[in-house]
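A short write-up of the structure that comes next.
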Amino acid sequence: MPWRPEPDNLARQEIYEYVRAWWEGHGYVVITATGDEQITYDSPPFSLSRARNEAVLQTMGIWDVVIVADADTIPELEVIQEAVRLAADEGTVVYPFDDYIYLDVGFLPALRAGQITIDRLTSRWMMKGSVGGVMVTTPTTYFDFGGMDDRFEATWGFEDNAFVAVAD
């Protein structure tokens with residue numbers, strides 16, 4: 001899970017903690033990577049690609065299948081379980097959804113309190129045909145396709161599209 005904390009953005013921190021707890025609560029091991037050896041005030045812009053590559057590299061030789069998931073993305077559980085099963089074949093990359101629904105951080109207190117479930121939330125916006133947010137593959141396949149292009153910095157989505165272009 002790519003993640004760089006932003007001390008001035010508490011809502012983002014809350015979302016990360018909720019998403020991490022969701023994955024761990026369903027039995028997944030979460031590896032968080034920043035893409036930086038050490039974060040300082042003069043660190044380069046956050047590179048989602050570099051952080052994803054770092055996280056996947058840490059799984060080499062440990063897990064047969066890796067779920068590359070953003071720190072603000074929760075997929076449907078049954079869909080991710082099926083994606084893991086399908087991605088066990090070398091050379092396969094599974095994108096477990098193609099519609100990305102953005103949920104407002106204002107829902108977090110109700111989610112935490114168990115007053116509402118994710119499937120009952122209303123979206124703020126939806127991106128049709130999205131390939132970002134979650135992908136499932138083997139670590140070897142991920143790097144056979146070159147990993148994520150870390151020349152994308154401080155962007156959203158373009159690195160996903162570049163990976164898809166290579167992997168398809």
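Can you tell me how many residues within region 100-117 are open to solvent by less than 70 Å² (accessible area, probe 1.4 Å), farther than 26 Å from residue 143 by Cα and in contact with a strand residue (DSSP E or B) (Cβ under 7 Å, 6 or more places away or on another chain)?
1
List the residue pairs whose Cβ atoms are under 7 Å apart, where the first residue sits in region 130-149 and is farther than 11 Å from residue 94 by Cα, the second is in a loop (DSSP other than H, G, I, E, B) and open to solvent by less than 10 Å² (accessible area, probe 1.4 Å), and the two are 6 or more positions apart or on different chains.
These pairs meet every condition: 133/73.
Take residue 68 and decide whether it is modelled with pLDDT of 90 or more, surrounded by 12 or more Cβ atoms within 10 Å (Cβ to Cβ) and on the phi < 0 side of the Ramachandran plot.
So residue 68 passes the test.
Name the pairs whose Cβ atoms lie under 8 Å apart, with the first residue in region 17-29 and within 10 Å of residue 73 (Cα to Cα), the second surrounded by 13 or more Cβ atoms within 10 Å (Cβ to Cβ) and among the polar types (S, T, N, Q), and 6 or more positions between them or separate chains?
These pairs meet every condition: 19/73; 20/32.
Would you say residue 54 is open to solvent by 20 Å² or more (accessible area, probe 1.4 Å), closer than 20 Å to residue 4 by Cβ and at pLDDT 90 or above?
Criteria met by residue 54.
Six or more apart or on different chains, Cβ under 8 Å: which pairs go from a residue in region 82-99 that's under 9 Å from residue 141 (Cβ atoms) to one that's open to solvent by 40 Å² or more (accessible area, probe 1.4 Å) and not in a helix (DSSP H, G or I)? Could you list them?
Pairs found: 93/145.
Going through region 6-25 one residue at a time, which ones are surrounded by 13 or more Cβ atoms within 10 Å (Cβ to Cβ) and either part of a loop (DSSP other than H, G, I, E, B) or not hydroxyl-bearing (Ser, Thr, Tyr) (or both)?
Result: 12, 13, 14, 15, 17, 19, 20, 22, 23.
Counting only residues that are open to solvent by less than 30 Å² (accessible area, probe 1.4 Å) and either touching a strand residue (DSSP E or B) at 6+ places or on another chain (Cβ under 7 Å) or at pLDDT 80 or above (or both), which one in region 145-159 is farthest from residue 85 (Cα to Cα)?
So the residue we want is 159.
Kindly provide the set of residues from region 71-99 that are closer than 19 Å to residue 163 by Cα and surrounded by fewer than 16 Cβ atoms within 10 Å (Cβ to Cβ), ordered by number.
Listed by number, the residues that qualify are 86, 88, 89, 90, 91, 92, 98, 99.
Output the number of residues of region 108-144 satisfying the condition of being modelled with pLDDT under 70, more than 24 Å from residue 10 (Cα to Cα) and of a type in the set (A, V, I, L, M, F, W, C).
1
The values are calculated or read from the model by the stated rules, or taken from the named source; none is laboratory data. Predicted model, so just to flag it, every value in this text is computed and none were measured. Note: ideal-geometry Cβ built from the backbone for every residue, glycine included; neighbour counts use all protein chains shown. Quick note on the areas: whole protein, heavy atoms, side chains included, nothing else; ligands and nucleic acids left out. Shrake-Rupley method; radii C 1.70, N 1.55, O 1.52, S 1.80 Å.
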